[in-house]
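Heads up: the structure comes next, in structure tokens.
Bear in mind that the values in this text are calculations on the coordinates, not laboratory data. Everything quoted here is computed from the prediction, not taken from an experiment. With ideal geometry, Cβ positions are generated from the backbone for all residues, glycine too; neighbour counts draw on all protein chains shown.
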Amino acid sequence: MPMPQHRSACHPVPPALACGYGQYFHTRFPPNVIPGQYAKDHKNGRKRQRGIFAIEGEWLSDLRGGLSFRPLLEIIRSLRRSPIVHRDAATREELFYYLRKWTQQRYARYSVLYLGFHGQEESILIGDARERDCQVRLDELAEELEGKCEKKIIYFGSCSTVGIDER
């Protein structure tokens, strides 16, 4: 099976990160996963609003800075009335813990996974860049999420990770 490509990306997308739509970076949301829209709850048949599950890394080595994209999420919550989950992850273990949480049935309504980290080509950077295992490659994320991303969007809020051609 050929690996799907982003519309303007130079690098192939790991199949497990294709999320059922053939892309892991979207410029527009597919209509059935838009945050703020309603989805049918399979458990009891009620409609539930779709939301965003955000995992954020450390932006500065000086922890007194307090830099975060959380205010942006609060604006989305207020404008779209979308449920939001926001967690900080400063280690690989924390990142993978929250990824496993996101894939649990109780978080099925959170159709968008927003990963906000520093990035490099085909990877995100966790915690202190001087540490040896601060880099998490896309193929590692793909392995962790394989088969668990149908009708989901993974948005990388990080520089250089997806390798989009800037032309």
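Considering only Ser123, Thr103, Val85, and ranking their Cα positions along the charge dipole of the range 61-167 that arises from unit charges at the beta-carbon of Lys, Arg, Asp and Glu, the one farthest toward the positive end is Val85. Amide H to amide H distances under 5 Å link Gln120 with Leu125, Thr161, where only residues 5 or more positions off or on other chains count and H is placed in the peptide plane. Taking every alpha-carbon pair within the range 87-132, the share separated by more than 15 Å comes to 49 percent.
Placing R0 at 35 angstrom, the Cβ-Cβ distance between Cys159 and Gln105 gives a FRET efficiency of 0.60 after rounding to 0.05.
Ordered by the number of other Cβ atoms lying within 10 Å of each residue's own Cβ, fewest first, Arg50, Arg77 fall into the sequence Arg77, Arg50. Segment Phe96..Ser68, full-extension length gain: 8.1 nm, with 0.36 nm per residue of separation and the alpha-carbon distance subtracted.
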